[in-house]
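Data block below; observations after.
The values are calculated or read from the model by the stated rules, or taken from the named source; none is laboratory data. The shown structure was predicted, so the numbers you read here are calculated from the model rather than taken from an experiment. Note that we place each Cβ from the backbone using ideal geometry, even for glycine, and neighbour counts take in every protein chain shown. Please note that ligands, DNA and RNA were not included when accessible areas were found on the heavy atoms of the full protein model with its side chains. Shrake-Rupley method; radii C 1.70, N 1.55, O 1.52, S 1.80 Å.
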Amino acid sequence: MTQARFDAVVFDAYGTLLDVQAAMARHAPRLGEGWRALAAEWRVKQLEYSWIGSLTAQGTRRDFAACTADALDYVLARHAIGDAGLRADLLAAYQRLDAYPEVPAMLAALRVRDLRLAILSNGTPAMLAAACAAGGIAGALDAVISVEQAGIFKPAPAVYALVQEALGVPPARCLFVSGNPWDSQAALANGFAVLRVNRQGDPDEYGLRPHLVAELSDLATLPALLA
């Protein structure tokens, strides 16, 4: 595979460039030894609420910030955690998630090439601006595209169409990079070449592997892969 195959690389944000466990990791001493399970449950509910909202909302759609808060409220209630200060701190920390360690250098390496770099994310514009600034990656990106422009969450086709609108690059000339298998499957269905980041070594889903450009354990080797 050569760089000339693609004109743009488009990244998912949460779980791909940004560590979705970082918010709870920062407050692990207050949450106890089970904080990782709480973080995973928060993530599952966050996505569930976004999907149900897309499928059932009738003029009352809630954005990703609201889904994130609603999901946290559910998890805290289910585990009988009633600390309002902790809730506020977790939501604030979610606005400033850490980028995965290799991400800034990886983006910098791609930035010097003739490639457009973008994010396509469920996050609101405010969430993404804060997270990219906190992660030190804002300056490496040509566009940060929020689903709010489409008024619906991933994996709706209207979301993936935003890439060509923003970058002027058709899906076939874009490499879409995601750590989420459902997002990877949707991108493939909408005509993108797809690379999956599988940080946990999870099994294949949706029969993705035969159709991927590659599957990596992190993003450190992506620049070399595209060289």
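For a quick check of your reading of the model, give me the residue pairs whose first member lies in the stretch 9-33 and is aromatic (F, W, Y), whose second is part of a strand (DSSP E or B), with beta-carbon atoms closer than 6 Å and at least 6 apart or on different chains.
Hits for this filter: F11/I119; F11/V177.
Would you be able to tell me the number of residues in the stretch 147-196 that are touching a residue at least 24 places away in the same chain (Cβ under 8 Å) and under 22 Å from V112 (Cα atoms)?
Total meeting the criteria: 12.
For the stretch 73-115: of the residues being among the charged types (D, E, K, R) and under 15 Å from A13 (Cβ atoms), which is most open to solvent (accessible area, probe 1.4 Å)?
Step one: filter the stretch 73-115 for residues among the charged types (D, E, K, R), giving 73, 78, 83, 87, 89, 96, 98, 102, 111, 113-114.
Then keep just the ones that are under 15 Å from A13 (Cβ atoms); that gives 96, 98.
Details: R96: 115, D98: 74 Å².
Filtering first and then ranking leaves R96.
So, of the residues in the stretch 218-227 that are within 20 Å of the chain's Cα centre (by Cα) and not in a helix (DSSP H, G or I), which turns out to be surrounded by the most Cβ atoms within 10 Å (Cβ to Cβ)? First the steps, then the outcome.
Narrowing the stretch 218-227 to residues within 20 Å of the chain's Cα centre (by Cα): 218-223.
Imposing the further condition that a residue be not in a helix (DSSP H, G or I) reduces the set to 218-221.
Working: D218: 15, L219: 25, A220: 15, T221: 13.
So the residue we want is L219.
Just give me the residues in the stretch 41-60 being out of contact with any Leu (no Cβ under 7 Å at 6 or more places or on another chain), of a type in the set (A, V, I, L, M, F, W, C) and surrounded by 15 or more Cβ atoms within 10 Å (Cβ to Cβ), in sequence order.
Answer for the stretch 41-60, where residues must be out of contact with any Leu (no Cβ under 7 Å at 6 or more places or on another chain), of a type in the set (A, V, I, L, M, F, W, C) and surrounded by 15 or more Cβ atoms within 10 Å (Cβ to Cβ): L47, W51.
Have a look at L72, L86, L90 and point out the one that is in contact (Cβ under 8 Å) with a residue 24 or more places away in the chain, within 22 Å of N180 (Cα to Cα) and of a type outside the set (D, E).
Exactly one of L72, L86, L90 is in contact (Cβ under 8 Å) with a residue 24 or more places away in the chain, within 22 Å of N180 (Cα to Cα) and of a type outside the set (D, E), namely L72.
Could you pull out every one of the strands (runs of 3 or more DSSP E) wholly within the stretch 170-217 that has 2 or more residues that are open to solvent by less than 10 Å² (accessible area, probe 1.4 Å)?
Result: 174-178, 193-197.
Look at D63 and say whether it is in contact with a Ser or Thr (Cβ under 9 Å, 6 or more places away or on another chain) and surrounded by 15 or more Cβ atoms within 10 Å (Cβ to Cβ).
yes
Among the residues in the stretch 125-146, are any free of Cβ contacts under 8 Å to residues at least 40 places away in the same chain, assigned to a helix (DSSP H, G or I), over 17 Å from T16 (Cα atoms) and open to solvent by less than 50 Å² (accessible area, probe 1.4 Å)?
Within the stretch 125-146, none of the residues are free of Cβ contacts under 8 Å to residues at least 40 places away in the same chain, assigned to a helix (DSSP H, G or I), over 17 Å from T16 (Cα atoms) and open to solvent by less than 50 Å² (accessible area, probe 1.4 Å).
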